[in-house]
1. From the list P65, P40, pick out the single residue that is closer than 17 Å to G229 by Cα, open to solvent by 30 Å² or more (accessible area, probe 1.4 Å) and away from the ligand (no atom under 16 Å from the Cβ).
2. State all residues of segment 144-166 that are assigned to a loop (DSSP other than H, G, I, E, B) and open to solvent by less than 10 Å² (accessible area, probe 1.4 Å); if no residue qualifies, say none.
3. Quick one: P309 ticks every box in (1) over 19 Å from Q376 (Cα atoms); (2) at pLDDT 95 or above bar one, so which box is it?
4. Find the helices (runs of 4 or more DSSP H) located wholly in segment 284-386 whose residues include 1 or more that are open to solvent by 20 Å² or more (accessible area, probe 1.4 Å) and under 30 Å from I113 (Cβ atoms), and list them.
5. With respect to T85, determine if the residue is of a type in the set (V, I, T), surrounded by fewer than 20 Cβ atoms within 10 Å (Cβ to Cβ) and either more than 12 Å from the ligand (Cβ to nearest atom) or closer than 13 Å to V224 by Cα (or both).
6. For segment 227-278, what are the residues that are of a type in the set (S, T, Y), under 11 Å from I90 (Cβ atoms) and assigned to a helix (DSSP H, G or I)?
7. Scan (1) within 25 Å of Y320 (Cα to Cα); (2) surrounded by 19 or more Cβ atoms within 10 Å (Cβ to Cβ); (3) not hydroxyl-bearing (S, T, Y) for the single condition I191 breaks and write down its number.
8. Give segment 92-120 a look and list any residue that's under 14 Å from the mean Cα position of the chain (by Cα) and part of a helix (DSSP H, G or I), or say none.
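The values are calculated or read from the model by the stated rules, or taken from the named source; none is laboratory data. Just so we're clear, the structure is a prediction, and the values are computed from it rather than from any experiment. A quick note on method: Cβ atoms are made from the backbone with ideal geometry, for glycine too, and the neighbour counts reach across all protein chains shown. These accessible areas exclude ligands, DNA and RNA; they are computed on the full protein's heavy atoms, side chains included. Shrake-Rupley method; radii C 1.70, N 1.55, O 1.52, S 1.80 Å.
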Amino acid sequence: MLQSKLPNVGINIFSRISKLANEHQAINLGQGFPDYNMNPQLAQYVNEAMQKGFNQYLPMEGYLPLRNAIADKVNKAYGCNVQPTTNITITPGGTYAIYCAITAVIQTGDEVIVFEPAYDSYIPNIELNGGKVVPIKLEHPTYAINWEQVAAAVNTRTKLIIINTPHNPSGSILSAHDMQQLDKIIAGKDIYIISDEVYEHLIFDDHVHESVLRYPRLASRAFVCFSFGKLFDCTGWKIGYCIAPEILSAELRKIHQYNCFSVNSAMQAGIAHFMQHNNTYTQINIELQKKRDLLRQLIKDNTPFKLLPGKGTYFELYSYAHFSQLTEIEMVHALIKNCGVAAIPVSAFYSHAPVDNKVIRLCFAKKEETLQEAAQRLKGCESILK
Ligand SMILES: Cc1ncc(COP(=O)(O)O)c(C=O)c1O
């Protein structure tokens, strides 16, 4: 009989909630994807690329003009000196870049520090590689990192620390102080970093994204992972990239070479063209902040849910501990079935010890009318959610 390599993994929460939401015709504020159209110019450039013949394999590392455009962007934004040829690898999405980075670094028995709640791919990817997950809980309700706990968890088996800023699901961000703490903890040790920065431009209220790329010592040991899906409102395109020092990129490319080899050509060429002619995408946060503020106001005006304010991503967390004793899973089922609105339970982002703080995650990357309709459906929901 086949012995599962991931015996504890089933269909993930996003797929389950989306299925239930469809069955009940609920408005899906659960899964993180925009329900509005992406920039038509980018779609047109990708179309044109296909017509011009970008339909065959491109180099394994990625289309050089695209890597040039990325280097220009990050070097300007983060004051770094990323080289397109040696440091940037184009990947089929951010999740895949993270998988390759974990696979490049982790040997059987190596320990990996993961902060929970965590994006759901990290832990299965570590376990597939024979690594041992060392989960550290972010502090509720701020979802900040307790660095004393991190320092205490580090030992000679620690090989990797995975950070994520802006953070899914909480929307918290890491500060310069956090980066200094991380730097202190790994100084002189054989520890690598994966920095999941797929939400780098989804940051609000004039907060600054503290990319690991701003910190040369950290960057010298880091795989920094990005996603065009988040940047260009096309999450289904599954295209992203990883920035890492030459030696680490070489190891990551060994994995990439035999898993994907070459990412979708027309998309690489279309995105390169777009980035050469347009940099307004770096202001995606302005429109998104309006949506976030609208959702905040609508939830405040129409429901008893209490905001746990975030600073970035597509998501905000809402607490109901003050009015309902339902578990988070019970709450999201009740919301779908009784109110016609889908949310994600934050407990789904913890893999080891069960945590139920009575908090749900809502996605605000939606049209204004979607958010208005969701609020209408939630009006007066308190009595049926106890
Ligand atoms: C924290 C985090 N990392 C990575 C990803 C995945 O990015 P991609 O769709 O490019 O694989 C997501 C998507 O939801 C995410 O939330």
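1. Among P65, P40, only P40 is closer than 17 Å to G229 by Cα, open to solvent by 30 Å² or more (accessible area, probe 1.4 Å) and away from the ligand (no atom under 16 Å from the Cβ).
2. The answer is T165, P166.
3. (2)
4. 284-302, 328-334
5. yes
6. First, the residues of segment 227-278 that are of a type in the set (S, T, Y): 227, 235, 241, 249, 258, 262, 265.
Next, only the ones that are under 11 Å from I90 (Cβ atoms) stay: 241, 262, 265.
Matches in segment 227-278: S265 only.
7. Just one mismatch for I191, condition (1).
8. Residues satisfying the conditions are G94, T95, Y96, A97, I98, Y99.
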